[in-house]
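Asker: One structure coming up, written as structure tokens, with questions to follow.
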Amino acid sequence: MNRAKIIKWMEQRFGINRGIFKGYAFIIKNGKVWLTSREVMNRELRGIKIESVGLLFGRYSERKGIFKPTTNALQIFGKYASRNIVELNERERDDYLTGYDLEKQCDAGEGYVIIKYKHHVLGCGLYRNGIIKNQIPKARRRYSVEEV
Amino acid sequence: MKQPILPGKFKARYASLLGEENKIFLKYCKMPLRKSIRINTIKANAKEVVSALKDKGWELERVPWFKYGYWVKNADKVAIGNSLEYFLGYIYPQEAASMLPPIILNPKQEDFVLDMAAAPGSKTTQLAQMMDNKGCIVANDKDTSRIKALRFNLDVCGVVNTIVSRMDGIWFKELKERFDLVLLDAPCSGEGVIRKSWNVLSRWSVNMINNLAGLQKGLIGAAIETLKPGGVLVYSTCTLAPEENEGVIDFALKKFDNIKVEKVSVEGLKWRNGIEEWEGKSFNSEVKKTMRIWPQDNDTQAFFIAKVRKL
């Protein structure tokens, strides 16, 4: 996995123009891809015990040839996407954010999709055989939807 | 309504500073804290979010000192942490007074900033927002479990300009003159957050205050060492204990002859000057320039903030 492959994947899968990633740097290590700004990479970091840099953008498996973007990454870049987007209605939104998979026929290709509700990007889903498998991290799920 | 039982020593502690007002102070200590949020402009348009929340019935009141801060007046009726806007990272629950240290640090887009005791990341994410996700922040904490919460919040808020490090803050003394700005929101006895968490009272003692003051003196020394000449350190705590506040600034002024305390002012905020004397001990008169915020002043948690410039 490298920068060019990640950007190509985002472009091919979601139609996100590669120019969007111009000001960003990717750090690829141990199956994880982190996204940060180029400015961060130019700082003097000697002597700092670093745990992580920037935002967790995705995970990959070199062996299986799979890349998966995170919900947090898609919440930032999903707005630039032009394909493989699944739009939910209010009931589906609430189910999805609570952690359920969704049965839904849509014209997205099988694989990772961008889940949207109105103009909001909710995150990532995995579309296969008419089912959107929930990809919202457990810690981010809402267990009851309660709004006035 | 259930109310916390304040230890006798705590009730008497600030009577000498407040006089008759001590009763009001203690009354506020027992009152629940108003809930507030910060609109996260890294991910959202503030006007749109405010309008959407109001349409849903949220009663919002602007925090006068931060244009993206709002009190949620009917927070008991709206589930902030369960809202779509929280899920999307458009809003971040943050106490109104806790928005002050980043405001006073006032970072610019090109700055190299150290947030020395960063978890769980309320102020780090605010700094990133104020820097428009540019420049670079090192968000440090020494506790692994707290770092997990820090990283979670950074990711939810869409922060990319931040490096998370796990070090005892004291070791930054080895990284001399590295950062343009340092925020040291120091671990403290938490007297100011009694309104949020009564558990604070079960740990509270004068001994604990004195122990923490020792830790804070070590940390402020490291913060000054790692600051570039001309750089600014904001030292803050959410306690009222003078040993952890003016006492720490007094220590720094004695130890370093290349720093000065700068007077700060925040529009819309009521505060009082730092105190020059506590329990028979006099502090350097420069500590008067620090900011002491009592809970009854703005109906918030208590805070102490000092702005220190390295010469």
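The values are calculated or read from the model by the stated rules, or taken from the named source; none is laboratory data. Remember, it's a predicted structure, so these values are computed and weren't measured experimentally. Counting neighbours? That spans all protein chains shown, and the Cβs are built from the backbone with ideal geometry, glycine included.
Asker: Any idea which residue in the range B:155-179 is nearest to B:LEU114 (Cα to Cα), counting only those that are surrounded by 19 or more Cβ atoms within 10 Å (Cβ to Cβ) and more than 8 Å from chain A (Cβ to nearest Cβ)?
Answerer: B:PHE179
Asker: Going by the structure shown, is B:THR239 surrounded by 18 or more Cβ atoms within 10 Å (Cβ to Cβ), polar (S, T, N, Q) and more than 20 Å from B:LYS255 (Cβ to Cβ)?
Answerer: Against the criterion (surrounded by 18 or more Cβ atoms within 10 Å (Cβ to Cβ), polar (S, T, N, Q) and more than 20 Å from B:LYS255 (Cβ to Cβ)), B:THR239 qualifies.
Asker: Can you tell me which of (1) out of contact with any Gly (no Cβ under 7 Å at 6 or more places or on another chain); (2) at pLDDT below 95 is the one A:GLN12 doesn't meet?
Answerer: (2)
Asker: Considering only the range B:230-241, I want to know if a residue exists there that is over 25 Å from B:GLU276 (Cβ atoms) and touching a strand residue (DSSP E or B) at 6+ places or on another chain (Cβ under 9 Å).
Answerer: There is at least one residue in the range B:230-241 that is over 25 Å from B:GLU276 (Cβ atoms) and touching a strand residue (DSSP E or B) at 6+ places or on another chain (Cβ under 9 Å).
Asker: Pick from the range B:180-208 the residues that are at pLDDT 90 or above and out of contact with any helix residue (DSSP H, G or I) (no Cβ under 9 Å at 6 or more places or on another chain): which of them is surrounded by the fewest Cβ atoms within 10 Å (Cβ to Cβ)?
Answerer: Filtering the range B:180-208 for residues that are at pLDDT 90 or above and out of contact with any helix residue (DSSP H, G or I) (no Cβ under 9 Å at 6 or more places or on another chain), the one surrounded by the fewest Cβ atoms within 10 Å (Cβ to Cβ) comes out as B:ASN207.
Asker: In the range B:221-242, is there at least one residue being out of contact with any Gly (no Cβ under 8 Å at 6 or more places or on another chain) and basic (Lys, Arg)?
Answerer: The answer is yes, given that some residue of the range B:221-242 is out of contact with any Gly (no Cβ under 8 Å at 6 or more places or on another chain) and basic (Lys, Arg).
Asker: How many residues does the range A:27-43 hold that are farther than 20 Å from B:LYS43 by Cα, within 11 Å of another protein chain (Cβ to nearest Cβ) and at pLDDT 95 or above?
Answerer: Number of matching residues: 2.
Asker: Of all residues in the range B:4-26, which are exposed (fewer than 13 other Cβ atoms within 10 Å of the Cβ) and in a loop (DSSP other than H, G, I, E, B)?
Answerer: Passing the criteria: only B:ILE5.
Asker: In this structure, is A:TYR117 more than 14 Å from chain B (Cβ to nearest Cβ), in contact (Cβ under 8 Å) with a residue 24 or more places away in the chain and surrounded by 14 or more Cβ atoms within 10 Å (Cβ to Cβ)?
Answerer: no
Asker: Between a first residue in the range B:64-80 that is touching a residue at least 60 places away in the same chain (Cβ under 8 Å) and within 10 Å of chain A (Cβ to nearest Cβ) and a second residue that is surrounded by 21 or more Cβ atoms within 10 Å (Cβ to Cβ) and part of a loop (DSSP other than H, G, I, E, B), which pairs have beta carbons less than 9 Å apart while being 6 or more apart in sequence or on different chains?
Answerer: none
Condition check ((1) over 20 Å from A:HIS120 (Cβ atoms); (2) touching a helix residue (DSSP H, G or I) at 6+ places or on another chain (Cβ under 9 Å); (3) modelled with pLDDT under 95) across all residues:
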{"site": "A:SER52", "(1), (2), (3)": "yes, yes, no"}
{"site": "A:THR70", "(1), (2), (3)": "no, yes, no"}
{"site": "A:GLN75", "(1), (2), (3)": "no, yes, no"}
{"site": "A:ALA81", "(1), (2), (3)": "no, yes, no"}
{"site": "A:ASN84", "(1), (2), (3)": "no, yes, no"}
{"site": "A:ASN89", "(1), (2), (3)": "no, no, no"}
{"site": "A:TYR96", "(1), (2), (3)": "no, no, no"}
{"site": "A:LYS104", "(1), (2), (3)": "no, yes, yes"}
{"site": "A:ASP107", "(1), (2), (3)": "yes, no, yes"}
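Asker: Kindly list the number of the only condition in (1) assigned to a loop (DSSP other than H, G, I, E, B); (2) within 21 Å of the chain's Cα centre (by Cα); (3) surrounded by 15 or more Cβ atoms within 10 Å (Cβ to Cβ) that fails for B:ALA75.
Answerer: Only one criterion in (1) assigned to a loop (DSSP other than H, G, I, E, B); (2) within 21 Å of the chain's Cα centre (by Cα); (3) surrounded by 15 or more Cβ atoms within 10 Å (Cβ to Cβ) is unmet by B:ALA75, namely (2).
Asker: Something else now. Please return the ranges of helices (runs of 4 or more DSSP H) entirely within the range B:184-294 where 1 or more residues are in contact with a Pro (Cβ under 7 Å, 6 or more places away or on another chain).
Answerer: Output list reads B:199-203, B:206-225.
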